[in-house]
Amino acid sequence: GVPRRLPSHDSVRGSAIEVRIADSSVRAYADESVAAAALASGARVLSRSLKYHRPRTFFCLEGHCSGCLVRLGGVPNLRACQAPCSPGAEIEGQNAFPSAEVDLLGAVDFLFSRGLDHHTLMTGSSVLNRLANKVVRQLSGLGKLPAHAATQLPEVVERSVDVCVIGAGPAGLAAALACAEAGRSTLLVDDQLRPGGSLRADPRTSETTRMGTGRERAELALAQALKAGVAVLSRATAIGFFPEDDGGVLAVAAPEQLHRVKARAWIWAIGGYPVNLSFADNDRPGVIVAREVGRLLVD
């Protein structure tokens, strides 16, 4: 098997916990993502694509590629790379039968290797065409409905600040710190599991400045921002900006709440995200962004 981590790392990561991935018990840590735990345990396929049921797994580890969507705790379509492990968490694959690793529906990819236009499938017979479309509709869609229906809408929190910074990478953290130190009330919104952005993928250390790895620099920058009074919303996605409402309103979706943010000034430090290069089978498990290799090494 693949070595999990050196024992000396446990003191840094905290106590180990147990989660279940596809009915298998997996050793994890409470501060790491489900995707990292799955990768370390040897899991290579987390879900299947919508139409051809091609194997899907982590590619960007930043929540942008949708390759690691899983069912977590009975809730579908959650990003494994942005979901923290918790004791006893149940993680399942999606869009597959009987499992994500062995999906019989993957035969579609083999039988229609040159592509499938279900709108013109079996058009020679209207009866067969209706039957084919009914089957296609049954197979489409990502995930099943949540195990438990929601009983109430999330709470909406009204927030009003001088400056709202969207994105907590190196630039966003620096901007938020500067605003807070200038005496401005500052809110920092970030959709990642932990603030830091590309810093958390940088394994380099600096001998001249005696700075640690990117992860350590990210933790230091976050601590400085918090000490200066910056309010931080982590795992919070900015889902819409409405300039026509009250001079500008940002809608933010956090895990348990919705936020309606008003600010006198906005700073957009959203950075960029990697995309697949154009080559055959670029969507297969094992193809991963180089920057995220660094993230796995140091974060």
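In whole percent, how big is the carbon plus sulfur part of the accessible area of the chain, probe 1.4 Å, protein atoms only?
Details: 9720 of 16920 Å².
Percent of accessible area from carbon and sulfur atoms in the chain: 57.
Order these peptides, 176-187, 159-170, 87-98, by their mean beta-carbon neighbour count within 10 angstrom, highest first.
Values: 176-187: 20.1, 159-170: 21.9, 87-98: 17.8.
Result, highest mean first: 159-170, 176-187, 87-98.
Roughly what would the spin-label model give for A107 and F241, points 7 Å off Cα along C-beta, in nm?
5.0 nm
Once the Cβ-Cβ distance between K51 and V275 is put in as r, and R0 is 25 Å, what FRET efficiency do you end up with, to the nearest 0.05?
On the way: r = 20 Å, r/R0 = 0.79.
That pair, K51 with V275, gives E of 0.80.
Check the chain and count each lysine pair with an alpha-carbon distance under 27 angstrom, considering only pairs eight or more places apart or from different chains. Don't skip to the end; give the middle numbers.
Working: K51/K134; K51/K144; K134/K144; K227/K262.
Final tally of qualifying lysine pairs is 4.
For region 206-298, which trypsin sites (Lys or Arg not before Pro) pass both filters: DSSP loop (anything but H, G, I, E, B) and at most 13 other C-beta atoms within 10 Å?
In loop regions of region 206-298 (DSSP not H, G, I, E or B), the sparsely surrounded trypsin sites (Lys or Arg not before Pro) are R210.
Using a Gaussian network model of the chain whose springs link C-alpha atoms within less than 10 Å, name the residue from I21, I270, I239 with the highest mean-square fluctuation.
I239
So for the chain, considering every pair of alpha-carbon atoms, how many percent are separated by more than 25 Å?
Working: 25596 of 44551 pairs.
Counting every Cα pair in the chain, those more than 25 Å apart make up 57 percent.
If you count the DSSP beta bridges with both ends in the chain, what percent of them are antiparallel, to the nearest 5? Mind dumping the intermediate values first?
Details: 26 of 47 bridges.
If we restrict to bridges inside the chain, about 55 percent are antiparallel.
Can you list which of the trypsin sites (Lys or Arg not before Pro) found in region 40-129 are DSSP loop residues with at most 16 other C-beta atoms within 10 Å?
Working: sites: R44, R48, K51, R56, R71, R79, R114; in loops: R44, K51, R114.
Within region 40-129, the qualifying trypsin sites (Lys or Arg not before Pro) (loop, at most 16 other Cβ atoms within 10 Å) are R44, K51, R114.
Longest span of the chain, sites excluded, free of chymotrypsin sites (Phe, Trp or Tyr not before Pro) in DSSP loop with at most 15 other C-beta atoms within 10 Å? Kindly include the intermediate steps, with their values, before the conclusion.
On the way: sites that count: F112, F279.
That gives 113-278 as the longest site-free run.
Helix by helix, which DSSP H runs in the chain go 15 Å or more along their axis at the Cα atoms and have an average Kyte-Doolittle hydropathy of 0.5 or more? Provide the component values of the computation, followed by the final result.
Working: long enough: 126-139 (20 Å, 0.11); 170-181 (17 Å, 1.28); 214-228 (21 Å, -0.23).
Membrane-span-like by this criterion, though nothing is claimed about a membrane: 170-181.
Counting each DSSP H run of 4 or more residues in the chain as -39500 (n - 2.57), what helix-only mean residue ellipticity at 222 nm follows after dividing by all residues, to the nearest 500 deg cm²/dmol?
Numbers: 7 runs with 67 residues, N = 299.
Estimated from H runs of four or more residues: -6500 deg cm²/dmol.
Please calculate how many Å² of accessible area the chain carries per residue, with a 1.4 Å probe and no DNA, RNA or ligand atoms counted.
I get 57 Å² per residue for the chain.
May I ask you to derive the relative contact order of region 163-286, considering only C-alpha pairs under 8 Å and at least 6 residues apart, and to give it as an integer percent? Numbers along the way, then the final one.
Values: 223 pairs, mean separation 35.7, N = 124.
The value is 29 percent.
Between V19, V252, V157, which gets the highest mean-square fluctuation from a Gaussian network model of the chain, Cα cutoff 10 Å?
V157
Given the options E219, E158, E101, state which has the largest fluctuation in a GNM of the chain using a 10 Å cut-off (strictly under) for Cα springs.
Evaluated over the chain, the most mobile residue of the options is E158.
About the Cα centre, and with charges only on the beta carbon of Lys, Arg (+1) and Asp, Glu (-1), how big is the dipole of the chain? Nearest 20 debye, please. Don't jump to the answer; show the numbers that get you there.
On the way: 33 positive and 30 negative charges, 105 e Å.
The calculated dipole for the chain is roughly 500 debye.
Can you pull out the GluC sites (Glu not before Pro) in region 241-292 whose DSSP state is coil and whose Cβ has at most 10 other Cβ atoms within 10 Å?
On the way: sites: E244, E256, E292; in loops: E244, E256.
Counting only loop positions with at most 10 other Cβ atoms within 10 Å, the GluC sites (Glu not before Pro) in region 241-292 are E244, E256.
The values are calculated or read from the model by the stated rules, or taken from the named source; none is laboratory data. Predicted model, so just to flag it, every value in this text is computed and none were measured. As a convention, Cβ positions derive from the backbone with ideal geometry for all residues, glycine included, and neighbour counts pool all protein chains shown. Just the protein is used for accessible areas: all its heavy atoms, side chains included, with ligands, DNA and RNA removed. Shrake-Rupley method; radii C 1.70, N 1.55, O 1.52, S 1.80 Å.
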